[in-house]
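Since the structure comes first, as structure tokens, the remarks are kept for the end.
Since every read-out is calculated from the coordinates, none of them should be taken as a lab result. Nothing here was measured: the structure is a model prediction, and the numbers come from that model. So basically every Cβ, Gly included, is an ideal-geometry build from the backbone, and we count neighbours across all protein chains shown.
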Amino acid sequence: MAELIWQDRKRHLGLPISFTKYSLSEDRLFIDTGFLNLEQNEVRLYRILDVQLKRSLFQRIFRVGSIFVTSSDKSMGQFEIRNVRDAANVKELLSVNVEKQREAKRVVGREFMGGDDDFHDDDMI
């Protein structure tokens, strides 16, 4: 496995009492789940399209947060990094490394915009 730059467990009431582990290397995000039956999923960072941080009142009390990730990976798609410590910094770390990988792989993100019928050249003024 590649050298990890971040790792944590899903937390309950702020405690790492869970069988879900998250880890981040410079080019991949790993999610390990299970106790008896283990499953490891990974997504290459250049495939991540969007990251969003959400923290409920309950999560703020226990100093955790959840990061919602949208990727172009067929097996992962949309997923959640749930109840991790220092979630704002983890989101920023993930975002920075996603951009590094996108630049290194020369991947160009294309934003899809709807409603092109409503766009006119004089809207640019």
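Taking K and R as +1 and D and E as -1, what net charge do the other residues with C-beta under 13 Å from the C-beta of Phe68 add up to?
+2
Would you calculate the separation in nanometres between label points at Phe68 and Leu93, each defined as 7 Å from the Cα along the Cα-to-beta-carbon direction?
A separation of 2.3 nm, rounded to one decimal place.
Place a point 7 Å from Cα of Glu3 in the direction of its Cβ. Which residues in segment 28-65 have their backbone N less than 18 Å from it?
Under 18 Å, as judged by backbone N against the label point of Glu3, lie 28-30 of segment 28-65.
Just want the ordering: Lys21, Lys105, Lys74, Lys91, from fewest to most Cβ atoms lying within 10 Å of their own Cβ.
Lys74, Lys105, Lys21, Lys91
So what's the projected area for the chain, the Cα convex hull averaged over all directions, in nm²?
10.9 nm²
Using only the alpha-carbon atoms, how far is helix 87-104 inclined from the longest principal axis of the chain? Give it as 0 to 90 degrees, nearest 10.
60 degrees
Considering only Cα-Cα distances, which of the following residue pairs are longer than 22 Å: Lys54/Lys105; Lys10/Lys100; Lys10/Lys54; Lys21/Lys105; Lys21/Lys91; Lys21/Lys100?
Distance filter (> 22 Å) returns Lys54/Lys105; Lys10/Lys100; Lys21/Lys105; Lys21/Lys100.
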